Amino acid sequence: MASRALAFADPEVIRLASEAFVPLAENCSPLQTQRDAKGEFFRLVAEQGHYAGRAAPSATRQGQYAFTADGRLLASINTREAEPMVGMLSRALARWQDLTGAGAAGESSDSGPGDYERDPRHPSFYPQGGLVLKQTLRDLPRPEGHPSPQTRPQAINFDYAWFRADEVQGFLPQPLEVGQKRELPPGIVRRLARFHLLDSVRGETPPWRDEDVKSAQMGAEIAGIDGSRVHLRLDGAVRCSQSGTWAIRPFQDRKEGMTRGYDCRLLGQLTYNTESGAFERFDLVAIGERWGGTEHNARFDDLSPAPMAVVFQKAGDTPADRTPPHANLWEYFDIPPQERPK
């Protein structure tokens, strides 16, 4: 989000967070109601913090928290700016030194959640043996005379796209011969369109509803074969748009006749290894125009059509690369409501 390019790109924030703390990123939305040890631990910390007990205008507990392993809050804040973040981390460090003795390494009781039974409403959907892509979103340079100056060129956001093992074959034409083509399955293309081709460069935004996907198509062609390596090209186009009533500034008056959209072309270069049964390379880029804004994506000063790019690349296998997509994963994998735990 914008905070990554502002607060978390600041050298002093980086120094403090990496040298004096153990950084951890989590999605607070499910944790606020998650019925397991992890959710309980998050609420223990959050209810000591800046939004403790708040129910209006929102019950969110979003923000940055510094805390001990046994759940004692050291300091917290919700900011995108570097200076307040440095202040919060400095206060937390001073509080830690008060608890452990100035300058001492100190230890707190490690009574945080270890192994625990997950809330069945929030299982792990990680696609073991499937395909995980890291997604990067950012605005592109605007032509001279554009009606909306690019006020936040440093804004950037990230997400992950997941495809199960049985879906990987949907990217491959059959038989595996040079020149062979196929249309990708609608489920793959519409998942990318609904949950990933979104204007979340500056902040989060709701996924597209199915009816908001006006057109979505992507094809694959085998461009070459080198031993066990099959080289493919992807080519497609997606257009999503929605009209309705919502606010473009958080918690302010809702306005009728709001619109948002993204109209883009997609091009990709992929390499699939038939011996390992996995992609070695997956580079896909979407380039097009986005317009409009939603309540939490901070486009209130930037509603005119403007160029935006979304890039997908094969993710690694670090803990960070196992971050779930920012979506309701039951809906993401199109699991019927009657099959979901209550």
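Would you confirm whether or not segment 163-177 contains a residue that is in a loop (DSSP other than H, G, I, E, B), of a type in the set (Asp, Glu) and either modelled with pLDDT under 95 or surrounded by fewer than 21 Cβ atoms within 10 Å (Cβ to Cβ) (or both)? Looking for residues that are in a loop (DSSP other than H, G, I, E, B), of a type in the set (Asp, Glu) and either modelled with pLDDT under 95 or surrounded by fewer than 21 Cβ atoms within 10 Å (Cβ to Cβ) (or both), one finds at least one in segment 163-177, hence yes. Here residue 126 fulfils each of the conditions (1) outside the structural domain of residue 329 (by TED's automatic domain parsing); (2) over 23 Å from residue 339 (Cβ atoms); (3) of a type in the set (Phe, Trp, Tyr) apart from (2).
Within this structure, residue 339 fails the test of being exposed (fewer than 13 other Cβ atoms within 10 Å of the Cβ) and touching a residue at least 40 places away in the same chain (Cβ under 8 Å).
The rows are residues; the columns are (1) part of a strand (DSSP E or B); (2) in contact (Cβ under 8 Å) with a residue 24 or more places away in the chain.
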{"position": "208", "(1), (2)": "no, yes"}
{"position": "242", "(1), (2)": "yes, yes"}
{"position": "245", "(1), (2)": "yes, no"}
{"position": "268", "(1), (2)": "yes, yes"}
{"position": "275", "(1), (2)": "no, yes"}
{"position": "280", "(1), (2)": "yes, yes"}
{"position": "286", "(1), (2)": "yes, yes"}
{"position": "298", "(1), (2)": "no, yes"}
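Just to be sure, is residue 252 assigned to a strand (DSSP E or B), polar (S, T, N, Q) and either without any contact (Cβ under 8 Å) to a residue 12 or more places away in the chain or more than 27 Å from residue 149 (Cα to Cα) (or both)? For residue 252, the condition - assigned to a strand (DSSP E or B), polar (S, T, N, Q) and either without any contact (Cβ under 8 Å) to a residue 12 or more places away in the chain or more than 27 Å from residue 149 (Cα to Cα) (or both) - is not met.
Scan segment 50-58 and tell me whether some residue there is of a type in the set (A, V, I, L, M) and under 23 Å from the mean Cα position of the chain (by Cα). No: segment 50-58 contains no residue that is of a type in the set (A, V, I, L, M) and under 23 Å from the mean Cα position of the chain (by Cα). Determine whether segment 274-282 contains at least one residue that is hydroxyl-bearing (Ser, Thr, Tyr), modelled with pLDDT of 95 or more and surrounded by 14 or more Cβ atoms within 10 Å (Cβ to Cβ). For segment 274-282, residues hydroxyl-bearing (Ser, Thr, Tyr), modelled with pLDDT of 95 or more and surrounded by 14 or more Cβ atoms within 10 Å (Cβ to Cβ): absent.
Residues that are in contact with a strand residue (DSSP E or B) (Cβ under 7 Å, 6 or more places away or on another chain) and either more than 25 Å from residue 313 (Cα to Cα) or in a loop (DSSP other than H, G, I, E, B) (or both) within segment 126-145 comprise 127, 130, 140, 142, listed in sequence order.
Of the residues making up segment 43-94, those that are over 20 Å from residue 8 (Cβ atoms), without any contact (Cβ under 8 Å) to a residue 24 or more places away in the chain and outside any loop (DSSP other than H, G, I, E, B) are 43, 94.
Hey, does segment 187-199 have a residue that's at pLDDT below 95, surrounded by 15 or more Cβ atoms within 10 Å (Cβ to Cβ), assigned to a loop (DSSP other than H, G, I, E, B) and not β-branched (Val, Ile, Thr)? So far as segment 187-199 goes, no, none of its residues is at pLDDT below 95, surrounded by 15 or more Cβ atoms within 10 Å (Cβ to Cβ), assigned to a loop (DSSP other than H, G, I, E, B) and not β-branched (Val, Ile, Thr).
I'd like to check something: does segment 228-239 contain any residue that is assigned by TED's automatic domain parsing to the domain that holds residue 294, over 30 Å from residue 176 (Cβ atoms) and under 24 Å from the mean Cα position of the chain (by Cα)? Among the residues of segment 228-239, at least one is assigned by TED's automatic domain parsing to the domain that holds residue 294, over 30 Å from residue 176 (Cβ atoms) and under 24 Å from the mean Cα position of the chain (by Cα), which makes the answer yes.
The values are calculated or read from the model by the stated rules, or taken from the named source; none is laboratory data. Being a predicted model, the structure only gives us computed values, none of them experimental. For neighbour counting, all protein chains shown are included, and Cβ atoms are generated from backbone atoms with ideal geometry for every residue, glycine included.
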